[in-house]
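Submitted below is the structure of interest, expressed as structure tokens.
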Amino acid sequence: MTGILILAHGSRQKETENTLLKILELVKAELKSDLIQHAFLQFSNNNLEKGLKRLIDQGATQIQVIPYFLFDGVHILEDIPAEIKEFLKAYPDVKIDFGQTLGADQRLAQILVDRVRILNGEDKCVLE
């Protein structure tokens with residue numbers, strides 16, 4: 001079975017974790033799957049290792065780690081791949097694929113346009 005782990009950076013402000021939980025619920029509804037977990041790279045006990053283990057405990061033998069990050073950087077290019085590689089030493093029968101960041105995407109640009117329109121007092125928001 002394939003599981004999905006949505007991985008965010010994390011924050012010292014614990015209430016920000018609710019944002020990822022809301023996104024997670026939207027993703028679960030869209031993909032119609034319950035084999036989706038979330039984790040944070042930093043500042044949370046709900047870390048990458050625990051997220052991966054939860055999916056394995058649910059029966060996942062293949063895991064797609066999807067970073068909820070905007071850009072490539074040291075975490076994406078080095079830290080996360082290193083953690084995954086280390087994790088796989090204890091779980092050699094599990095396959096983990098690491099996805100791309102959100103990056104430059106027209107849908108994100110549209111969200112920014114909507115935010116500008118809201119600040120400009122325009123009624124119309126495309127993504128309502």
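For the stretch 17-53, name all the residues that are of a type in the set (V, I, T) and surrounded by 15 or more Cβ atoms within 10 Å (Cβ to Cβ).
V27, I36 - these are the residues of the stretch 17-53 that are of a type in the set (V, I, T) and surrounded by 15 or more Cβ atoms within 10 Å (Cβ to Cβ).
Hey, does the stretch 54-74 have a residue that's out of contact with any Asp or Glu (no Cβ under 7 Å at 6 or more places or on another chain), free of Cβ contacts under 8 Å to residues at least 24 places away in the same chain and surrounded by 16 or more Cβ atoms within 10 Å (Cβ to Cβ)?
yes
Do any residues in the stretch 8-31 that are within 24 Å of F71 (Cβ to Cβ) have Cβ atoms under 6 Å from those of residues that are of a type outside the set (F, W, Y) and part of a helix (DSSP H, G or I), where the two are at least six apart or on different chains, and which pairs are they?
Note: pairs meeting the criteria are A8/L20.
If you check I96, I84, which single one turns out to be at pLDDT 95 or above, touching a Phe, Trp or Tyr at 6+ places or on another chain (Cβ under 8 Å), within 28 Å of F40 (Cα to Cα) and in a helix (DSSP H, G or I)?
Of the residues listed, the single one that is at pLDDT 95 or above, touching a Phe, Trp or Tyr at 6+ places or on another chain (Cβ under 8 Å), within 28 Å of F40 (Cα to Cα) and in a helix (DSSP H, G or I) is I84.
Okay, next question. Being modelled with pLDDT of 95 or more and not polar (S, T, N, Q), is that true of even one residue in the stretch 108-123?
Yes, some residue in the stretch 108-123 is modelled with pLDDT of 95 or more and not polar (S, T, N, Q).
Does the stretch 79-101 contain at least one residue that is within 23 Å of N18 (Cβ to Cβ), loosely packed, with under 15 Cβ neighbours inside 10 Å and in contact with a helix residue (DSSP H, G or I) (Cβ under 7 Å, 6 or more places away or on another chain)?
No - not one qualifying residue is present in the stretch 79-101.
Please enumerate the residues belonging to the stretch 22-63 that are in a loop (DSSP other than H, G, I, E, B) and of a type in the set (K, R).
K32, the sole residue that qualifies.
Being under 29 Å from I111 (Cβ atoms) and in contact with a His (Cβ under 7 Å, 6 or more places away or on another chain) is true for just one of L7, L24. Which residue is that?
L24
To continue, here is another question. List every residue pair whose Cβ atoms sit under 9 Å apart, with the two residues 6 or more apart in sequence or on different chains, where the first one lies in the stretch 82-95 and is over 13 Å from K50 (Cα atoms) and the second, anywhere, is among the small types (G, A, S) and surrounded by 14 or more Cβ atoms within 10 Å (Cβ to Cβ).
Matching pairs, first to second residue: V94/A60.
The values are calculated or read from the model by the stated rules, or taken from the named source; none is laboratory data. Because the structure is a prediction, the values reported are computed rather than measured. Virtual Cβ from ideal backbone geometry, glycine too; neighbours counted across all protein chains shown.
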